[in-house]
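Remarks on the structure that follows.
The values are calculated or read from the model by the stated rules, or taken from the named source; none is laboratory data. These numbers were taken from a predicted model, which means no experiment stands behind them. Every residue, glycine among them, receives a Cβ derived from its backbone with ideal geometry; neighbour counts consider all protein chains shown. These area figures cover heavy atoms from the full protein model, side chains too; ligands, DNA and RNA do not enter into them. Shrake-Rupley method; radii C 1.70, N 1.55, O 1.52, S 1.80 Å.
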Amino acid sequence: MRKFLVAFGSVALLTVSLAKAEQTLYEKLGGKQAIDAVVEDLTNRMMKDKRLKRFCSNMSEDQLKARRALVAAFICKATGGPCEYKGRDMKQAHQNLGITEKDWNRFVELTKQSLNKFNVPADVQKEFLNAVAGLKDQIVSKK
Ligand code: HEM
């Protein structure tokens, strides 16, 4: 009986650790609702930010809502989630906006603040920010 329990325990442990290893970044972030919440919070931070508000200032509430939905769908899909993204690619969407390196750095800071607000664990934040960093060259267009 004892042997059986030990064997059963090991199989259970192995199953748990395998399931964890197979989790997508989408799942680690907490799924679509969690991504929606982070994107909404980040957009609000951008709108109040001295440096970044110019990128949101001439948008109506409906336009902002549509953009939030696109950003969340993009992140959902890019992190392995079950979403369809029907927007433009990152270069097309950002190339005419004149986004600078300093804008980018501020954006990353605000993203960290939003992730912290929703208690996203440090290792998941790191994985997410690494994925976002991979988009920088397509988004920053001005030195
Ligand atoms: C400094 C950083 C960023 C700024 C200032 C910024 C700003 C903007 C602005 C102003 C638009 C609307 C453009 C338009 O309607 O013509 C936009 C669209 C969008 N952005 Fe960003 N963005 C930044 C980073 C990112 C990142 C890191 C992602 C992805 C994780 C992203 C995803 C998107 C998506 C999906 C759209 C919608 C594309 C479409 O309309 O088809 N953005 N962004």
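Among the residues of the range 122-133, those identified as open to solvent by 70 Å² or more (accessible area, probe 1.4 Å) and free of Cβ contacts under 8 Å to residues at least 40 places away in the same chain are Ala122, Asp123, Lys126, Asn130. Ile99 fulfils the conditions (1) under 25 Å from Leu29 (Cα atoms); (2) within 10 Å of the ligand (Cβ to nearest atom); (3) in contact (Cβ under 8 Å) with a residue 24 or more places away in the chain except for a single criterion, (1). Considering only residues that are in contact (Cβ under 8 Å) with a residue 24 or more places away in the chain, closer than 15 Å to Val39 by Cα, open to solvent by 40 Å² or more (accessible area, probe 1.4 Å) and more than 8 Å from the ligand (Cβ to nearest atom), which ones fall in the range 51-94? Once the filter is applied, which keeps residues that are in contact (Cβ under 8 Å) with a residue 24 or more places away in the chain, closer than 15 Å to Val39 by Cα, open to solvent by 40 Å² or more (accessible area, probe 1.4 Å) and more than 8 Å from the ligand (Cβ to nearest atom), the range 51-94 yields only Arg68. If you scan the range 38-50, which residues turn out to be in a helix (DSSP H, G or I) and open to solvent by 30 Å² or more (accessible area, probe 1.4 Å)? Of everything in the range 38-50, those that are in a helix (DSSP H, G or I) and open to solvent by 30 Å² or more (accessible area, probe 1.4 Å) turn out to be Glu40, Asn44, Arg45, Met47, Lys48. Picking from residues in the range 106-121 that are open to solvent by 80 Å² or more (accessible area, probe 1.4 Å) and not basic (Lys, Arg), the one that is nearest to the ligand (Cβ to nearest atom) is Glu109. Within the range 66-99, the set of residues being part of a loop (DSSP other than H, G, I, E, B) and β-branched (Val, Ile, Thr) comprises Thr79, Ile99. Take the conditions (1) touching a residue at least 60 places away in the same chain (Cβ under 8 Å); (2) more than 10 Å from the ligand (Cβ to nearest atom); Ser141 misses just one of them, which is (1).
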